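All remarks here apply to the structure that follows.
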Amino acid sequence: MIEITVQKMPNQSFDIELDGHRYGIEIRTFNGMTLMSVKIDDKYVKRSVRCCANQRVIPYGYLTKGGNLTWICLDENYPHYSKFGDTQFLYYMTDDELEQLEV
């Protein structure tokens, strides 16, 4: 499990290497909702998906490269930039790590 540092700001984008793949992450705030777009190796796999607490960002395994992004929200609220790094964190987890959480 790898914690991905996100800033306490409503709109941001960055690239990060995870398990040998380049992830492009875009986080946007719209009408109080946090939306996220994800590219893996320069190919969009999700665009403007609403972020939810404790759920996979990329809902279909065939779109991933052996892992997924997950918002862990200790307060069980929807992710919101004002709480990033306090009670809400973005993690990358391998498929094995995700399976262990679901048991």
*Give just the number: which of (1) out of contact with any Ser or Thr (no Cβ under 7 Å at 6 or more places or on another chain); (2) at pLDDT 95 or above; (3) among the hydroxyl-bearing types (Ser, Thr, Tyr); (4) in a strand (DSSP E or B) does residue 70 not satisfy?*
(2)
*List every residue pair whose Cβ atoms lie under 6 Å apart, where the two residues are 6 or more positions apart in sequence or sit on different chains, the first residue falls within the range 5-26 and is under 20 Å from residue 93 (Cα atoms), and the second residue, located anywhere, is in a loop (DSSP other than H, G, I, E, B).*
19/66; 21/41; 21/65; 22/41
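If you take the residues of the range 3-28 that are of a type in the set (A, V, I, L, M, F, W, C) and touching an Asp or Glu at 6+ places or on another chain (Cβ under 9 Å), which of them is surrounded by the most Cβ atoms within 10 Å (Cβ to Cβ)? It would help to see each step written out before you state the result.
So the first thing to find is which residues in the range 3-28 are of a type in the set (A, V, I, L, M, F, W, C), and the list is 4, 6, 9, 14, 16, 18, 25, 27.
Imposing the further condition that a residue be touching an Asp or Glu at 6+ places or on another chain (Cβ under 9 Å) reduces the set to 14, 25.
On the way: 14: 13, 25: 20.
Across the range 3-28, the extreme among qualifying residues is 25.
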*asked:* Which residue is farthest from the chain's Cα centre (by Cα), if the candidates are limited to the range 57-73 and must be more than 16 Å from residue 91 (Cβ to Cβ) and of a type in the set (Ser, Thr, Tyr)?
replied: 62
*What are the pairs, 6+ residues apart or on separate chains, where a residue within the range 53-72 that is in contact (Cβ under 8 Å) with a residue 12 or more places away in the chain has its Cβ under 6 Å from a residue that is acidic (Asp, Glu) and surrounded by fewer than 15 Cβ atoms within 10 Å (Cβ to Cβ)?*
53/76; 66/19; 66/95; 67/19
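The values are calculated or read from the model by the stated rules, or taken from the named source; none is laboratory data. Since the structure is predicted, the reported quantities are computational estimates derived from the model, not experimental observations. All Cβ positions, glycine included, derive from the backbone under ideal geometry; neighbour counts span all protein chains shown.
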